[in-house]
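Visitor: Starting off with a structure, shown below.
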Amino acid sequence: MSSLAWARSGGRAGSVLGWGRRGTGALSGVHPSARRFIIDLSYSAHFMDFKGSSIPSSMKKLVVTKLSPNFRDAVRTQTVAVPTPGDSDLLVRNRFVGINASDINYSAGRYDPSLKPPFDAGFEGIGEVVGLGLSASSRYTIGDTVAYFGSGAFAEYTVVPAKESVPVPAVKPEFLTLLVSGATAYIALKRLGDLTKGETVLITAAAGGTGQFAVQFAKKAGCHVIGTCSSNEKAGFLKSLGCDRAINYTTEDLAKILRKEYPHGIDVVYESVGGSVLELAVNSLAKKGRLIVIGFISGYQTASGVPSFRGGTLPVKLLQKSASIRGFFLPHFLSDYREALDSMMQMYAKGELVCEVDCGDLAQGGKFMGLESVFQAVDYMYAGKNLGKVVVEVTPPTVSNSKL
């Protein structure tokens, strides 16, 4: 790594966070230009992992090479040079990356039609800082642990703007669950749910990455919570979170249960499945009910990405109940992001929030280890086998070779 010039730019798309830890200015008395191409090696402690964890000259990353909702068809593993951080960037050695249902929306080009392949895949990661630019060293140092929410996470190393990094106490996958899944549930229910104590809340795919948090936040608001899931094991997990009625839709009729046990309807629905489940949710709304659409995973693997929905009478149904349907897309609510993350971090630290992680220990191929297992992890999630947030361990813990 001695030949690397640590001020060379390492490109990365996405700008979602504004996070710093030790101020925002450059080092005292130093006025770096936008890009330094010659580095005084006396500053090497600021730029290189001097603690003994060698940085290789090349790495693997996952790249979308063609647009397709079939993740295996769209994405390829490439070996490239390890990127170098710019003046205000961090080089993060990814330990864990999170799998999201929308990974295939991204690989299909649905989020930004102007984005053409090739482009990097993955939304979120957590790991150690192993390199950084001069300005970034005013807030971070080698060995710091950070998480981030942005593109290019499916890689062994990722360059992340320092201002978009989230300092975390340790490289634990539980913190990774909060970045997208937890934040989605927290902000959506707070801003769009208008939860009131005593109301009835239905959460679909409740044992999944974001559903687990929706259950907990609705219970904290004093609501009666119904959660749908696909197995008795998941139903047991939901009950352990405080879910009042866990419905295993593979053995129970969801529509009949809602009609029989909740004849007055559902006040709030946190919905991520789409299609027939969305239709049922609309029909089950109570007067002044609110339905929050946070996704429609049942259609993501289709060509259009949207499941069939019979909405011809939707205006009448909403009018008759003074009900509403509200859409939620996390990047539209970034002004709420920092407060949400701070609050969830505090709850987790106090033992008040469960962050269930599924690393594939019970998957057919075993635990999700190494970047190549991202493909298996995506398949695993879409097969509905996960309990909690699906996470891949990209690299093993750092073992220092330092003799000091």
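Visitor: Read through the list (1) of a type in the set (Val, Ile, Thr); (2) closer than 24 Å to residue 370 by Cβ; (3) in contact with a His (Cβ under 8 Å, 6 or more places away or on another chain), then give the number of the only condition that residue 158 fails.
Guide: Failed condition: (3).
Visitor: Tell me which residues, restricted to region 324-336, are more than 20 Å from residue 296 (Cα to Cα) and at pLDDT 95 or above.
Guide: To start, the set of residues in region 324-336 that are more than 20 Å from residue 296 (Cα to Cα) comprises 334-336.
Matches in region 324-336: 335, 336.
Visitor: While we're on this one: Could you grab me the full set of residues in region 124-140 that are in contact with a strand residue (DSSP E or B) (Cβ under 7 Å, 6 or more places away or on another chain) and more than 23 Å from residue 101 (Cα to Cα)?
Guide: 128, 129, 130, 131, 132, 133, 136, 140
Visitor: Are any of the residues in region 257-264 touching a Gly at 6+ places or on another chain (Cβ under 6 Å) and of a type outside the set (Phe, Trp, Tyr)?
Guide: Taking every residue of region 257-264 in turn, none turns out to be touching a Gly at 6+ places or on another chain (Cβ under 6 Å) and of a type outside the set (Phe, Trp, Tyr).
Residue-by-condition table, conditions (1) of a type outside the set (Gly, Ala, Ser); (2) closer than 24 Å to residue 369 by Cα:
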residue	(1), (2)
63	yes, yes
69	yes, yes
89	yes, no
122	no, yes
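Visitor: While we're on this one: Residue check, residue 240 against (1) of a type outside the set (Val, Ile, Thr); (2) under 30 Å from residue 111 (Cβ atoms); (3) surrounded by fewer than 14 Cβ atoms within 10 Å (Cβ to Cβ), all met but one. Which one?
Guide: The failed condition is (2).
Visitor: On to the next question. Checking the conditions here, which among 96, 123, 71 is in contact with an Asp or Glu (Cβ under 6 Å, 6 or more places away or on another chain) and crowded, with 21+ Cβ neighbours inside 10 Å?
Guide: 96
Visitor: So residue 257 clears everything in (1) among the β-branched types (Val, Ile, Thr); (2) surrounded by fewer than 19 Cβ atoms within 10 Å (Cβ to Cβ); (3) farther than 17 Å from residue 201 by Cα except one condition, right? Which one?
Guide: (3)
Visitor: Out of the residues in region 337-360 that are free of Cβ contacts under 8 Å to residues at least 40 places away in the same chain, of a type outside the set (A, V, I, L, M, F, W, C) and in a helix (DSSP H, G or I), state the one that is farthest from residue 173 (Cα to Cα).
Guide: Looking at residues that are free of Cβ contacts under 8 Å to residues at least 40 places away in the same chain, of a type outside the set (A, V, I, L, M, F, W, C) and in a helix (DSSP H, G or I), I get 339.
Visitor: For region 366-386, give me each residue that is in contact (Cβ under 8 Å) with a residue 24 or more places away in the chain and of a type in the set (Gly, Ala, Ser).
Guide: Scanning region 366-386 gives 370, 377, 384.
Visitor: Okay, moving on. With the condition kept exactly as written, say whether any residue in region 377-392 is at pLDDT 95 or above, crowded, with 19+ Cβ neighbours inside 10 Å, outside any loop (DSSP other than H, G, I, E, B) and among the polar types (S, T, N, Q).
Guide: There is no residue in region 377-392 that is at pLDDT 95 or above, crowded, with 19+ Cβ neighbours inside 10 Å, outside any loop (DSSP other than H, G, I, E, B) and among the polar types (S, T, N, Q).
Visitor: Separate question: Tell me yes or no: at least one residue of region 179-201 is within 22 Å of residue 96 (Cα to Cα), over 13 Å from the mean Cα position of the chain (by Cα) and touching a residue at least 12 places away in the same chain (Cβ under 8 Å).
Guide: No, because not a single residue in region 179-201 is within 22 Å of residue 96 (Cα to Cα), over 13 Å from the mean Cα position of the chain (by Cα) and touching a residue at least 12 places away in the same chain (Cβ under 8 Å).
Visitor: Go through 210, 196 for me and flag whichever is among the polar types (S, T, N, Q) and either in contact with an Asp or Glu (Cβ under 6 Å, 6 or more places away or on another chain) or closer than 25 Å to residue 123 by Cβ (or both). Before you say what the answer is, go through the steps one by one.
Guide: On the way: 196 fails: either in contact with an Asp or Glu (Cβ under 6 Å, 6 or more places away or on another chain) or closer than 25 Å to residue 123 by Cβ (or both).
Going through 210, 196 in turn, the sole match is 210.
Visitor: So, in region 260-280, of the ones that are in a loop (DSSP other than H, G, I, E, B) and not aliphatic (A, V, I, L, M), which residue ends up farthest from residue 189 (Cα to Cα)?
Guide: 263
Visitor: Output yes when any residue across region 379-389 is touching a helix residue (DSSP H, G or I) at 6+ places or on another chain (Cβ under 7 Å) and either hydrophobic (A, V, I, L, M, F, W, C) or over 26 Å from residue 92 (Cβ atoms) (or both), and no when none is.
Guide: Yes, region 379-389 has at least one match.
Visitor: Which helices (runs of 4 or more DSSP H) sit wholly inside region 178-259 and have at least 3 residues that are under 17 Å from residue 280 (Cβ atoms) and not acidic (Asp, Glu)?
Guide: Answer list for region 178-259: none.
The values are calculated or read from the model by the stated rules, or taken from the named source; none is laboratory data. In this text the structure is predicted, and so the values were computed from the model without any measurement. Note that each Cβ is placed from the backbone with ideal geometry, even for glycine, and that neighbours are counted across all protein chains shown.
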